[in-house]
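Engineer: To start, I am sharing the structure in question, which I have written as C-alpha cells.
The values are calculated or read from the model by the stated rules, or taken from the named source; none is laboratory data. Model, not experiment: these values are computed from the prediction. Neighbour counts are summed over all protein chains in view; Cβ atoms, including those assigned to glycine, are modelled from backbone coordinates with ideal geometry. The protein model used for the area step is the full one, side chains on, heavy atoms only, and it has no ligands, DNA or RNA in it. Shrake-Rupley method; radii C 1.70, N 1.55, O 1.52, S 1.80 Å.
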Amino acid sequence: MNPIPADLTEIDLTDPQTFLDLDPIDMWRRFRAERPVHRHRAIGGAPGFWAVTRHADLMSVYRDNKRFTSERGNVLATLLQGHDSAAGKMMAVTDGPRHKAIRKLVLESFSPRVLKHVVGGIHERTRALLDQALELGSFDFATDVADHVPIGTIGDLMDIPQADRPPLVRWNTLTLSRHSSDEAAEDELMARNEILMYFSDLARRRRRKPGEDVISALATGLVDGEPLSEDEIVFNCYSLILGGDESSRMSSIGAVKAFSEFPEQWRALKAGEADVESATEEVLRWTTPAMHFGRRALQDVPVGDQIVEAGDVVTLWNSSANFDEAVYTEPERFDLARESNKHLAFGFGPHFCIGAFLGRAHVGAMLEGLRDRVADVQVAGEPKRLYSNFVHGFSSLPVEFTA
Ligand code: HEM
C-alpha cells in the first residue's frame, strides 16, 4: 500500500487503481476529518464532482430524491458522462411516481411467501457447496463456492434456465468490474449488451407464456392500466441480475478473508458469542461491496459545510460512512457482536436496496454454513482484488478449510 498523500486533492477517486494502492480505512478517515464534503478536481474531459464521506451527510442526500436525482446516473461512470441510457426506465435511475410504480411491481413478486422457499434454497445450496469444497480442503472460495450461490437465488426468482446461468455470472463480472487495467473496456460494453439481449428474448417468451417469476411480473404487470415498455422490462431484469448476484458474492468472500485476518472473531462466531444476525450486519458493514452511489443536484443544497450547486454531481461513499467514528465505536474493529449497526451498505431512502432481505439471507446462510461445517479457515494464497471504483471485492480467494 502507498502512503496517503499529504494533500488529499491529489487523490483520484475516478481511478480504480487508487483503491488498490491506498488503504481505504486510512484514506477515508483523513477525508472525514479534513475534507468531509470534498470538491474533487475535474479529470480528463469529465466535470469535477463532490465526494461526501460522513454518515450523516450521506443519509441526508440519500433520503432527498426531490433535490437530488438519480435520473442523470447513480454511479461515477454514468454521472460523469452526464446521462444513463436506462434513465426513467430502470428503477435505480428513475425517480418520482414511475420509480414507485416499478418498485411496487417488483416487490409484489418478492413477497414473504415466495422468499420463504428461496431462503430455504439458499441454505441448501450453501451447505452443499461448502461440503463439496471441504472434500478438497484447498480451493478457491470465490470461484468454487461464493460465485455459485446468489445466481442460483436470483436465477430461481427469475426462472432462468440452469444452462444460461454460468454465462450470466461471467457477463455480470465483466460489466461491473474489470480485473485489471489491461482488460478492454469494450468487453464491459459487450457483456452489458449480451445481458440486455438475453433478457429481451426471455421477456418476450414470458409475455407469451407467463409464470410466477419476477420477469413475468414485469412483463405482464400494469402501471396506470398500461404494460411496461420492452426497455423498462429489460433494464429492470438487468438491474436485478446485476444487483442480485455480484454484491452478495463479494460480502461472503470478504467475510472469509476477514475471518482469516481476525481469527478471534472466527472463534467468537464458532463459540456462539456473536449471533448470525449481528455477524451478518457486521460483514456487510466491513465489506461494503457497493463502495459508492451518487446523485445530481437539481438545486443549490447545503451538504455538510459546503453548498452543492444545481447541476453538480455528488458521490456518496458508503465505504467511508460505514467507518464513521461519529456513528461507530471503534469502527476499525471487525466486531461480529456489534450492536445497533446502522450501516449504509444497502443505501438509504427511496432507492434503498430492494434485495436487502436476500443479500442478508445470502450472507447469513454462508456464516451459518461456515460456523457449523468448518473448523478452521485460512487464506492460502494471494487474493485477487477487483479493479473498480464501484465494487469492492475479490474475484479469487485461495483458501484452506478444515472440516
Ligand atoms: C439498490 C447494495 C443485493 C437489487 C441498491 C443500493 C445499494 C445496494 C447501496 C442503493 C442504490 C442507490 O441508492 O442508488 C446492495 C448490496 C447487496 C445487494 C450491498 C448485497 C449484499 C441486492 C439483491 C438484489 C438487488 C440481492 C436483487 C434481488 C437492487 C435494486 C436496487 C438496489 C433493483 C434499486 C432499488 C431502487 O432504485 O429502488 N443495492 N444490493 N440488490 N439493489 Fe441492491
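Engineer: Considering only region 251-322, give the strands (runs of 3 or more DSSP E) lying wholly within it that have at least 1 residues that are surrounded by fewer than 19 Cβ atoms within 10 Å (Cβ to Cβ).
Structural biologist: Working: elements: 292-297, 301-303, 306-308, 313-317.
Fully inside region 251-322 and qualifying: 301-303, 306-308.
Engineer: Is it the case that Leu80 is touching a residue at least 40 places away in the same chain (Cβ under 8 Å), open to solvent by 20 Å² or more (accessible area, probe 1.4 Å) and closer than 30 Å to Trp50 by Cα?
Structural biologist: yes
Engineer: If only one of Gly369, Gly381, Gly347 is among the small types (Gly, Ala, Ser), more than 16 Å from the ligand (Cβ to nearest atom) and outside any helix (DSSP H, G or I), which one is it?
Structural biologist: Result: Gly381 is the single residue among Gly369, Gly381, Gly347 that is among the small types (Gly, Ala, Ser), more than 16 Å from the ligand (Cβ to nearest atom) and outside any helix (DSSP H, G or I).
Engineer: OK, next. Considering only residues that are more than 10 Å from the ligand (Cβ to nearest atom), in contact (Cβ under 8 Å) with a residue 24 or more places away in the chain and either in a helix (DSSP H, G or I) or closer than 30 Å to Leu367 by Cβ (or both), which ones fall in region 208-232?
Structural biologist: Glu212, Asp213, Ile215, Ser216, Ala217, Leu218, Glu230, Asp231, Glu232
Engineer: Right, another one. Limited to region 79-125, what total is found for residues that are at pLDDT below 95, part of a helix (DSSP H, G or I) and touching an Asp or Glu at 6+ places or on another chain (Cβ under 9 Å)?
Structural biologist: Residues flagged as at pLDDT below 95, part of a helix (DSSP H, G or I) and touching an Asp or Glu at 6+ places or on another chain (Cβ under 9 Å) within region 79-125 amount to 4.
Engineer: Sticking with this structure for a sec: When only residues in region 233-249 that are within 6 Å of the ligand (Cβ to nearest atom) and hydroxyl-bearing (Ser, Thr, Tyr) count, which is most open to solvent (accessible area, probe 1.4 Å)?
Structural biologist: Among residues in region 233-249 that are within 6 Å of the ligand (Cβ to nearest atom) and hydroxyl-bearing (Ser, Thr, Tyr), the one most open to solvent (accessible area, probe 1.4 Å) is Ser247.
Engineer: I would also like to ask the following. Considering only region 46-70, state which residues are away from the ligand (no atom under 11 Å from the Cβ) and buried (at least 22 other Cβ atoms within 10 Å of the Cβ).
Structural biologist: Residues satisfying the conditions are Phe49, Trp50, Ala51, Val52, Thr53, Arg54, His55, Asp57.
Engineer: Of the conditions (1) within 16 Å of the ligand (Cβ to nearest atom); (2) assigned to a loop (DSSP other than H, G, I, E, B); (3) within 27 Å of Gly121 (Cβ to Cβ), Phe357 satisfies every one except a single condition; which number is it?
Structural biologist: All conditions are met except number (2).
Here's the yes/no breakdown for (1) of a type outside the set (A, V, I, L, M, F, W, C); (2) under 18 Å from Met250 (Cα atoms); (3) open to solvent by 40 Å² or more (accessible area, probe 1.4 Å):
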position	(1), (2), (3)
Phe357	no, yes, yes
Arg360	yes, yes, yes
Leu370	no, yes, no
Arg373	yes, no, yes
Val377	no, yes, no
Glu382	yes, yes, yes
Ser388	yes, yes, no
Pro398	yes, yes, no
